[in-house]
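The values are calculated or read from the model by the stated rules, or taken from the named source; none is laboratory data. Bear in mind the structure is a predicted one, so any value in this text is a computation, not a measurement. Here the Cβ positions follow ideal geometry from the backbone for every residue, glycine too, while neighbour counts run over all protein chains shown. We work out accessible area using only protein heavy atoms, side chains counted, and drop any ligands, DNA or RNA first. Shrake-Rupley method; radii C 1.70, N 1.55, O 1.52, S 1.80 Å.
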Amino acid sequence: MKGLGILTEEGQEAVKKNSKALQYISYKYNLEYVEFKDDNPCPVDGFFLGDGRMHTVFEIKTRNGYIENDQFVFKEQRYDTFLIAYNKLEMGFNIGFTLNLPFVLIASFDNYIYIWLINQKLLQEVERKITQTNYDVNGGIAYRSNAFIPLSKARIKLKYEE
């Protein structure tokens, strides 16, 4: 088994970026969040709490790049979709469904936070194919069934306020 990418320097940078996004969301929507520990991988990253109860299940991903005109810009390439392993969406949705909670995917970009409500309809609509991607934040190669979620389908788009 490979080491946990999150425990490397690059992984810790992603943790900081995710933490900033979660703090921003919590402040904006008056929610608290609980994350699972980085050294103990779980199928989802955590829960939002509100009004004294669990509110939402979430998965958060970091992307190095920025949003411009509803496109993700990375290394001078533009993308209309957000790539994520399909099984992450499926597992998160199933956990939320089991707990009768919504499941959201959060993407933390350099200048925006995008949030998608992952429901059965979106799971059926997203383009899905096996592609070669990085194994983790540090690189490596993996072949996975990936989902390509349109950026335009994000329910919430938060621009970091300075």
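For segment 51-71, a residue qualifies if it is over 18 Å from the mean Cα position of the chain (by Cα) and within 27 Å of SER152 (Cβ to Cβ), and the qualifying residues are GLU68, ASN69.
To keep it simple, each residue is scored yes or no on (1) exposed (fewer than 13 other Cβ atoms within 10 Å of the Cβ); (2) out of contact with any Leu (no Cβ under 9 Å at 6 or more places or on another chain); (3) of a type in the set (D, E, K, R).
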position	(1), (2), (3)
ILE25	no, no, no
LYS28	yes, no, yes
GLY46	no, no, no
LEU49	no, no, no
MET54	no, no, no
ASN64	no, yes, no
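Scanning segment 112-157 for residues that are among the aliphatic types (A, V, I, L, M), under 23 Å from ILE95 (Cβ atoms) and in a helix (DSSP H, G or I) turns up LEU122, LEU123. The set of residues in segment 132-142 being over 17 Å from the mean Cα position of the chain (by Cα), open to solvent by less than 30 Å² (accessible area, probe 1.4 Å) and not hydrophobic (A, V, I, L, M, F, W, C) consists of GLY139 alone.
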